[in-house]
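Working notes, structure below.
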Amino acid sequence: MTKLICRFCRENLAHTFVDLGMSPLCESFLTSDQLNDMEPFYPLHVYVCHSCFLVQLQEYVRPEHIFSEYAYFSSYSDSWLQHAGSYTDMVVERFKIGSQSRVVELASNDGYLLQYFIRKGIPVLGIEPAGNVAQAAMQKGIPTVVKFFGASTAQELAAERGKADLLIGNNVLAHVPDLNDFVAGMKILLMPAGVITMEFPHLMRLMEEDQFDTIYHEHFSYLSFTTVRKVFSAHGLTIFDVDELPTHGGSLRIYARHIDDAGELVAHRVKDLQDREETAGFERLQTYLSFAEKVEETKWSLLAFLIKTKRQGKSIVGYGAPGKGNTLLNYCGIRTDFLDYTVDRNPYKHGKYTPGTHIPIFHPDRISETKPDYIFILPWNLRHEIMGQLDYAREWGAQFVVPIPKVTVY
Ligand SMILES: [Zn+2]
């Protein structure tokens, strides 16, 4: 086996955070004529660096392979659109972003966020490596460059189109294999008095709430605030504020600027969170090494629930076919022996099958046609939104099951 090296500090990786076994790429949904083919499975073995404490997955698959055609369209989630709209209002007001400013978003997806800036007459540019989702953005009138981002793309864009007053990256920092090159690129593309905001799932919440299903091949780094500060600081960027958000099971939104830009003072929230992480043991290796046991316990109790329910002769169907669902289904071995089918609002997934576990995916109307006893919500972070949408299922006595942090029936 080749020696494993930390993608931030280059130390050898010798400590397992959690090993979820072999799994297919979680966005590789199958068509019916692919069901009898071989499927590639890759390790979901997560390490923690004993030096910088970056929790990380090796680059088992090249990002070009994962992200060039992507099934995830941000605009299919109502609550995510609301989140994008209120973020836009907040940031425009706080940093005085106007028609003279320039907003650049990295991994701009289908333009779910930049559309709100355009409505305010603010010039934007999206950078998105997945051609099919970038196309959807361009159809909405959002200028988008189809590229992977890093230092060389940043240099090109800075020369050809100018730098950014506001540089946004939501749910991308964790998804870049070359973390150093990506953050170096942000440094290059940022105006001298510009502001970076980034959102990413918070490792502290992942560990506290046992969200092991947010581990998948596309997700290379699992970030604590402590480690992100080290990474930004190594690239000449200062994190001057942080918000804790409920999105994706608990995310951080960090605000950064150039280290020598005195425009923004460091908010007390930065120290508060740093202190809380230190108290929670995020500077001690042992804290990370105890996570794996918790994950096994969650698997056992979830399977115990499913087996008991099937023995009672009840029917269970899934709701949603998100990436995280596929980690959970594969790690726990949940196939059509437990879930008759799942549904999703994204028409791209209809008629397809979940990778590895081959559970068929239908339009949500299927639920009212088949009237199942239990609806197993895979995107548990959207459980309230989904239970609201499916309230009609209560009429025939259906109950909702949420698997994480522990099996709960509503
Ligand atoms: Zn390291």
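The values are calculated or read from the model by the stated rules, or taken from the named source; none is laboratory data. Bear in mind that the values here come from a model prediction, so they are computed numbers and not experimental data. Note that each Cβ is placed from the backbone with ideal geometry, even for glycine, and that neighbours are counted across all protein chains shown.
Assorted remarks:
- Subset of segment 152-166 [under 26 Å from LEU57 (Cα atoms) and either of a type outside the set (A, V, I, L, M, F, W, C) or touching a residue at least 60 places away in the same chain (Cβ under 8 Å) (or both)]: SER152, THR153
- Subset of segment 45-85 that is of a type in the set (Val, Ile, Thr) and at pLDDT 75 or above - its residue that is farthest from the ligand (Cβ to nearest atom): VAL61
- Hits in segment 319-353 - residues which are farther than 16 Å from GLN34 by Cβ and assigned to a helix (DSSP H, G or I): GLY323, LYS324, GLY325, THR327, LEU328, LEU329, ASN330, TYR331, CYS332, PRO347
- Tallying residues that are in contact with a Phe, Trp or Tyr (Cβ under 9 Å, 6 or more places away or on another chain) and more than 9 Å from the ligand (Cβ to nearest atom) within segment 2-18 yields 6.
- The condition (being surrounded by 22 or more Cβ atoms within 10 Å (Cβ to Cβ) and over 30 Å from PRO403 (Cα atoms)) is satisfied by just one residue among ILE188, ILE168: ILE168.
- Residue in segment 160-182 that is basic (Lys, Arg), more than 27 Å from VAL266 (Cα to Cα), in contact with a Pro (Cβ under 8 Å, 6 or more places away or on another chain) and at pLDDT below 95 present: no
Quick grid of which residues meet (1) of a type in the set (Lys, Arg); (2) within 30 Å of ASP365 (Cβ to Cβ); (3) surrounded by 15 or more Cβ atoms within 10 Å (Cβ to Cβ); (4) touching a Phe, Trp or Tyr at 6+ places or on another chain (Cβ under 8 Å):
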position	(1), (2), (3), (4)
ARG276	yes, no, no, no
ALA280	no, no, yes, no
GLU296	no, no, no, no
LEU302	no, yes, yes, no
GLY318	no, yes, yes, yes
ALA321	no, yes, yes, yes
TYR341	no, yes, yes, yes
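- Screening the candidates GLU244, GLU209 for the property of being closer than 27 Å to SER301 by Cβ and either at pLDDT 95 or above or touching a helix residue (DSSP H, G or I) at 6+ places or on another chain (Cβ under 8 Å) (or both) yields one hit, GLU209.
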